[in-house]
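Peer 1: Could you have a look at this structure, given as structure tokens, before my questions?
The values are calculated or read from the model by the stated rules, or taken from the named source; none is laboratory data. Keep in mind the model is a prediction, meaning the values are calculated, not measured. Ligands, DNA and RNA are excluded from the accessible area calculation, which covers all protein heavy atoms including side chains. Shrake-Rupley method; radii C 1.70, N 1.55, O 1.52, S 1.80 Å.
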Amino acid sequence: MRLCVCLVLLSFILCTSAERPLLVRGGKFVRDAVGGAWDMLRAYQDMREANYKGADKYFHARGNYDAAQRGPGGAWAAKVISDAREKWQSDVSGRGAEDTRADQEANEWGRSGGDPNRYRPAGLPSKY
């Protein structure tokens, strides 16, 4: 009987000290991904609103940075959205491989936690 009680108590201790359940972690990943997608959309809208020559890379880096700060889900969303946009841009818009490479560099810089202001052009309003 004592062995059985000890095993039950040990089970409770292990269960309470274990990592979060998979469902909770999955839910956080999804919330982070949705928030990351929102961050990417906000950066895109700001880029369109600013309409500032040479600010493209800054907004790429900023959107990826903001999304990645949410966690793995946000970083995943930023990568998927950035890769899809660059694929579309290189296939449809014809801006060229060099522009796509530079955009992807800014995307990766932001996702890895680099300061987006590295790409900020002089004179861009402080609102952005």
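Peer 1: I want to confirm something. Restricting to the stretch 1-40 and keeping residues that are of a type in the set (Val, Ile, Thr), over 20 Å from Gly110 (Cα atoms) and open to solvent by 80 Å² or more (accessible area, probe 1.4 Å), which single residue is modelled with the lowest pLDDT?
Peer 2: Going through the stretch 1-40, the residues of a type in the set (Val, Ile, Thr) turn out to be 5, 8, 13, 16, 24, 30, 34.
Okay, now just the ones that are also over 20 Å from Gly110 (Cα atoms), so 5, 8, 13, 16, 24, 30.
Applying the additional criterion that residues be open to solvent by 80 Å² or more (accessible area, probe 1.4 Å) yields 13, 16, 30.
On the way: Ile13: 56, Thr16: 51, Val30: 94.
Step by step, filter the stretch 1-40, then rank; the result is Thr16.
Peer 1: Which of the residues belonging to the stretch 75-128 are open to solvent by less than 90 Å² (accessible area, probe 1.4 Å) and in a loop (DSSP other than H, G, I, E, B)?
Peer 2: Step one: list which residues in the stretch 75-128 are open to solvent by less than 90 Å² (accessible area, probe 1.4 Å), which gives 75, 77-78, 80-86, 89-90, 93-94, 96-97, 99-100, 102-107, 109-117, 119-121, 123-125, 128.
Gly94, Gly96, Ser112, Gly113, Gly114, Asp115, Arg120, Pro121, Gly123, Leu124, Pro125, Tyr128, listed by residue number.
Peer 1: Of the residues that sit in the stretch 41-74 and are part of a helix (DSSP H, G or I), open to solvent by 30 Å² or more (accessible area, probe 1.4 Å) and not charged (D, E, K, R), which one is farthest from Gly114 (Cα to Cα)?
Peer 2: Our first condition is that a residue be part of a helix (DSSP H, G or I); within the stretch 41-74, this holds for 41-50, 56-68, 72-74.
Okay, now just the ones that are also open to solvent by 30 Å² or more (accessible area, probe 1.4 Å), so 41-42, 44-49, 56-57, 65-66, 72.
From what's left, not charged (D, E, K, R): 41, 44-45, 47, 65, 72.
On the way: Leu41: 19, Tyr44: 19, Gln45: 21, Met47: 19, Tyr65: 7, Pro72: 16 Å.
This residue is Gln45.
Peer 1: I'd like the residue in the stretch 78-125 that is polar (S, T, N, Q) and modelled with pLDDT of 95 or more and, out of all such residues, is farthest from Asp56 (Cα to Cα). Before you say what the answer is, go through the steps one by one.
Peer 2: Here is the first cut: in the stretch 78-125, the ones polar (S, T, N, Q) are 82, 89-90, 93, 100, 104, 107, 112, 117.
The next check asks that each one be modelled with pLDDT of 95 or more; those that pass are 82, 104, 107, 112, 117.
Numbers: Ser82: 13, Gln104: 11, Asn107: 11, Ser112: 18, Asn117: 12 Å.
By that ranking, first place goes to Ser112.
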